[in-house]
Amino acid sequence: MKIFIDSADIEEIRYAYSGGVIDGVTTNPSLIKKAVERLKTNNDKINMSAYIKQLLIVAKGTPVSLEVTASDFKGMVEQGKKIYKAFNPATRNVVIKIPVNPSLKKGDGKEYDGIKAIKNLTASNIPVNATLIFTPEQALMAAKAGARFVSPFAGRIDDDIRSKRKSKFSKTDYFPMEGITDKKGVTNDNGIVSGIDLVAEIVEIFREQNIKSEVLAASIRNPRQAREAAIVGAHIATLPFDVIKELLDHRKTMEGMIKFTKDIVPEYAKLLE
Ligand code: G3P
């Protein structure tokens with residue numbers, strides 16, 4: 001499974017890439033907002049275009065998803081082409097992120113606009129990451145339109161399912177991939193019992209149907225969920241910086257290190273000088 005970093009913070013991205021095992025970057029308007037707010041608190045002058053170019057250089061050789069902000073077919077295609085033209089020639093790693101369904105109001109007639117935009121950009125050889133996927137059906141439609149990546153939002157499905165229960169939870173809490181059961185059975189969203197279950201169903205459909213789009217598990221909030229994304233066969237998981245660091249964390253590893261460090265005898269230390 002490839003691991004992407006879900007961030008627009010260049011310092012985080014640079015640090016994550018320094019280990020040599022990160023395979024790409026995903027951003028979205030909320031992550032850009034967070035990065036800009038951080039720059040503002042440092043009183044840094046913001047030149048968004050230079051910032052994005054820099055980010056693309058840090059991730060050179062790996063795909064970076066940049067999202068459109070429009071919510072209609074024409075606007076999304078125009079923005080997608082504009083972003084691609086402005087940023088892709090230098091580093092050749094831009095992927096345009098398009099919401100699978102950009103409707104802002106039920107019945108506004110825009111439910112097909114995402115699919116049409118994916119199809120249009122793909123036809124112009126612009127790679128697309130179809131985002132805000134919450135059902136296997138949406139993933140199938142995005143793949144049919146030619147998306148290179150489809151991004152199911154695992155953590156947000158977990159939030160939605162557990163919000164049907166009264167108990168409190170925090171965003172990063174582990175949610176079991178097999179879902180949660182009460183007297184009425186497994187709490188589910190049209191048959192989907194967890195975010196990882198959503199990822200698993202999409203992987204299975206793509207395998208069964210011989211679909212080439214890659215399943216990019218997004219909205220992953222803890223290492224165990226990342227592990228389960230790998231178990232169910234996600235091609236990629238995009239992880240926040242903190243989760244990437246947590247992948248390497250265990251108290252016994254640190255305890256072992258402290259003990260080994262204490263036990264170094266001068267004779268052995270000298271040998272390694
Ligand atoms: O990759 C999608 C991600 O940024 C959304 O994550 O944790 O806000 O649901 P989250």
Taking the range 189-204 on its own, how many of its residues are within 20 Å of the chain's Cα centre (by Cα) and either under 22 Å from Val243 (Cα atoms) or touching a residue at least 40 places away in the same chain (Cβ under 8 Å) (or both)? 10
Reported set for the range 188-197 where residues are surrounded by 17 or more Cβ atoms within 10 Å (Cβ to Cβ) and assigned to a loop (DSSP other than H, G, I, E, B) is Val193, Ser194
Residue that is free of Cβ contacts under 8 Å to residues at least 40 places away in the same chain and closer than 24 Å to Phe241 by Cβ, where the choices are Leu132, Leu216: Leu132
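Would you point out the residue of the range 63-73, among those that are open to solvent by less than 90 Å² (accessible area, probe 1.4 Å) and either modelled with pLDDT under 90 or within 16 Å of the ligand (Cβ to nearest atom) (or both), that is farthest from Leu104 (Cα to Cα)?
First pass over the range 63-73, keeping only residues open to solvent by less than 90 Å² (accessible area, probe 1.4 Å): 63-68, 70-73.
Then drop every residue that is not either modelled with pLDDT under 90 or within 16 Å of the ligand (Cβ to nearest atom) (or both), which leaves 63-68.
Working: Pro63: 28, Val64: 26, Ser65: 22, Leu66: 20, Glu67: 17, Val68: 15 Å.
The selected residue is Pro63.
State all residues of the range 24-55 that are within 12 Å of the ligand (Cβ to nearest atom) and aliphatic (A, V, I, L, M); if no residue qualifies, say none.
Residues of the range 24-55 within 12 Å of the ligand (Cβ to nearest atom): 24-34.
The answer is Val25, Leu31, Ile32.
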If you go through the range 102-112 one residue at a time, do you hit one that is under 23 Å from Asp23 (Cα atoms) and surrounded by 19 or more Cβ atoms within 10 Å (Cβ to Cβ)? no
Extreme residue, farthest from the ligand (Cβ to nearest atom), among residues of the range 220-243 that are open to solvent by less than 40 Å² (accessible area, probe 1.4 Å) and closer than 21 Å to Pro127 by Cα: Ala234
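Could you check the range 112-181 for helices (runs of 4 or more DSSP H) lying wholly inside it with 3 or more residues that are within 16 Å of the ligand (Cβ to nearest atom)?
Numbers: elements: 113-123, 136-144, 154-162.
Ranges flagged: 136-144, 154-162.
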Taking the range 172-187, which residues are exposed (fewer than 13 other Cβ atoms within 10 Å of the Cβ) and either in contact with an Asp or Glu (Cβ under 7 Å, 6 or more places away or on another chain) or modelled with pLDDT under 90 (or both)? Asp182, Lys183, Lys184
Taking the range 199-218 and keeping only residues that are closer than 18 Å to Val95 by Cα and either open to solvent by less than 30 Å² (accessible area, probe 1.4 Å) or among the aromatic types (Phe, Trp, Tyr) (or both), one is left with Ser213, Val215, Leu216, Ala217, Ala218
On the basis of being free of Cβ contacts under 8 Å to residues at least 60 places away in the same chain and away from the ligand (no atom under 16 Å from the Cβ), does Tyr15 make the cut? no
Sole miss for Val21 among (1) more than 16 Å from the ligand (Cβ to nearest atom); (2) part of a helix (DSSP H, G or I); (3) under 17 Å from the mean Cα position of the chain (by Cα) is condition (2)
Return the pair list, or none, for Cβ contacts closer than 8 Å from residues in the range 163-188 that are more than 21 Å from Ile220 (Cβ to Cβ) to residues that are among the aliphatic types (A, V, I, L, M), at least 6 apart or on different chains. Arg165/Ile180; Val186/Ile180; Val186/Val193
Go through the range 74-87 and give me each residue that's open to solvent by 10 Å² or more (accessible area, probe 1.4 Å) and not aromatic (Phe, Trp, Tyr). Lys74, Gly75, Val77, Glu78, Gln79, Lys81, Lys82, Ile83, Lys85, Ala86
Only one residue in Ile161, Ile133, Ile157, Ile126 is under 30 Å from Lys184 (Cα atoms) and over 16 Å from the mean Cα position of the chain (by Cα), so which one is that? Ile161
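The values are calculated or read from the model by the stated rules, or taken from the named source; none is laboratory data. Source: prediction; values computed, not measured. All Cβ positions, even for glycine, are placed from backbone atoms using ideal geometry, and neighbour counts span all protein chains on display. The protein model used for the area step is the full one, side chains on, heavy atoms only, and it has no ligands, DNA or RNA in it. Shrake-Rupley method; radii C 1.70, N 1.55, O 1.52, S 1.80 Å.
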